[in-house]
Amino acid sequence: MSYRKSFYVPEGLYFLNHSVGAKTKASDLAEHEFSQQWRDLGNGAWDSWLTSLQGFCKAVADLFNCEPHEVCPQPNVSAGLSKLIGALPQRAGRNILLLSELDFPSMGFVAKQAAALGYAVQLVPAKEGVVSLEDWQQHMNEHVQLALFTHVFYGNSYQQPIAQLTKLAQERDIWSVVDVAQSAGVVPIDFKQWQSDAVIGSCVKWLCGGPGCGYLIIKGDRLPLLEPTDVGWFSHQDPFEFDITHFAYANDALRFMGGTPSIQSFAVAASAIRQLTNIGLLNIRAHNLHLGDVLMEAMQANSFKVITPKPKEQRGGTICIAMAQPDVAIAFLKQKNIAVDYRPRFGVRASPHIYNTDEELGQLITAILQLDPAVTGR
């Protein structure tokens, strides 16, 4: 079944779904409803807007197998991590925030700022694009307060064994948070099976929900232990109490909300998430793996080095191909109206979604094979 007609896929060959997913046509209705409510009702639109916000939490909960009260909308992943670190209960001797050197830089920037709270950052080293379970285990000692586990690394699309990592953290009484920005929407995720303390992610990539829309998920029994300092009236147990001398944290994850949220962004994202959920994450994943297999096999058959691991359980939705001159390769492909990209230290990245076809992938392969050997390094 073709789902392409349900999306606004940019012209040409679009394989940048790891960066910005194609807009869903279903989101047009959400945008229209928001604008109409604002236009016709003014302040009276708040009842509908709050319902939209609840709808976002429900859509995220359905996607990840968690409870709506465990979900808090966030403007982006960095905000979610910052608020979580600031809310952690102080524990004597635990002053280390543990990340890996392959995490998205923004996560490191956030963690480093926590020095003001007495934390130091440690980065677990990578070997050939992989952070091993053994290296994680070696670094998870009695001084670690929180460990950040990236589900799928942005640079090479390596998928970490999250359930094993969160189990190690739990055994050592370490708070665990999982970054799913590069996996949500293309790799099925089960929050209850992971048993992590928290999950952070965004909607702009594989979830096709647009920018300015993220989420922080907190395991229900951990919520009472967390007291964020970045709060606002939406963090209040009763936002409409309007007593400046009294504040009580919301009983659910909304204690992390802060001030007035961007309703339109979350309404649009919720419609996109529901559409992907209706398509089925297993269907999306199967299609992505099929196209990824075709691309990897074609590259390896023509002596290209593929950086992304081949085993399906070890890779995300992106295929990364090593190039001697990646910037030249990208420029060449751009001339052919093919949208891919690269990151320093990693390869050219191509990410097929549910709306990409076998024919498009064939055209991408043909174009890559036309690259000069000096560019590809073959």
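Looking at the structure I just gave you, is residue 184 out of contact with any Cys (no Cβ under 9 Å at 6 or more places or on another chain) and either open to solvent by less than 10 Å² (accessible area, probe 1.4 Å) or closer than 21 Å to residue 62 by Cα (or both)?
No: the conditions fail for residue 184.
List the residue pairs whose Cβ atoms are under 8 Å apart, where the first residue sits in region 357-372 and is polar (S, T, N, Q), the second is crowded, with 16+ Cβ neighbours inside 10 Å, and the two are 6 or more positions apart or on different chains.
Every condition considered, the pairs that remain are 363/13; 363/338; 370/332.
Results for (1) open to solvent by less than 20 Å² (accessible area, probe 1.4 Å); (2) of a type outside the set (Lys, Arg); (3) in contact with a Ser or Thr (Cβ under 7 Å, 6 or more places away or on another chain), shown as yes or no for each residue.
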site	(1), (2), (3)
188	no, yes, no
195	no, yes, yes
202	yes, yes, no
209	yes, yes, no
220	no, yes, no
223	yes, yes, no
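For region 49-66, enumerate the residues that are more than 18 Å from the chain's Cα centre (by Cα) and surrounded by fewer than 17 Cβ atoms within 10 Å (Cβ to Cβ).
Answer for region 49-66, where residues must be more than 18 Å from the chain's Cα centre (by Cα) and surrounded by fewer than 17 Cβ atoms within 10 Å (Cβ to Cβ): 50, 51, 54.
Go through region 359-378 and report how many residues are surrounded by fewer than 16 Cβ atoms within 10 Å (Cβ to Cβ), among the small types (Gly, Ala, Ser) and under 15 Å from residue 12 (Cα atoms).
So the count comes out to 1.
Does any residue in region 286-303 that is surrounded by fewer than 13 Cβ atoms within 10 Å (Cβ to Cβ) come within less than 7 Å, Cβ to Cβ, of a residue that is in a helix (DSSP H, G or I) six or more places away or on a different chain, and which pairs are these?
302/369
Could you go through region 95-114 and let me know if any residue there is part of a loop (DSSP other than H, G, I, E, B), among the hydroxyl-bearing types (Ser, Thr, Tyr), modelled with pLDDT of 95 or more and open to solvent by 20 Å² or more (accessible area, probe 1.4 Å).
Among the residues of region 95-114, not one is part of a loop (DSSP other than H, G, I, E, B), among the hydroxyl-bearing types (Ser, Thr, Tyr), modelled with pLDDT of 95 or more and open to solvent by 20 Å² or more (accessible area, probe 1.4 Å), which makes the answer no.
Among the residues of region 241-254, is there at least one that is buried (at least 22 other Cβ atoms within 10 Å of the Cβ), of a type in the set (Gly, Ala, Ser), assigned to a loop (DSSP other than H, G, I, E, B) and touching a Cys at 6+ places or on another chain (Cβ under 7 Å)?
no
For region 19-33, enumerate the residues that are outside any helix (DSSP H, G or I), buried (at least 18 other Cβ atoms within 10 Å of the Cβ) and among the small types (Gly, Ala, Ser).
The answer is 21, 22.
Can you name the residue in region 123-138 that is open to solvent by 70 Å² or more (accessible area, probe 1.4 Å) and among the polar types (S, T, N, Q) and, of all such residues, is farthest from residue 172 (Cα to Cα)?
If we take residues in region 123-138 being open to solvent by 70 Å² or more (accessible area, probe 1.4 Å) and among the polar types (S, T, N, Q), then 138 is farthest from residue 172 (Cα to Cα).
(1) open to solvent by 20 Å² or more (accessible area, probe 1.4 Å); (2) without any contact (Cβ under 8 Å) to a residue 60 or more places away in the chain; (3) under 23 Å from the mean Cα position of the chain (by Cα): which one isn't true of residue 339, the others all being true?
(2)
The values are calculated or read from the model by the stated rules, or taken from the named source; none is laboratory data. All values derive from a computational prediction rather than experimental measurement. Using ideal geometry, Cβ is built from the backbone for each residue, glycine included, and neighbour counts are taken over all protein chains shown. Accessible surface is based on the protein model in full, side chains and every heavy atom, while ligands, DNA and RNA are left aside. Shrake-Rupley method; radii C 1.70, N 1.55, O 1.52, S 1.80 Å.
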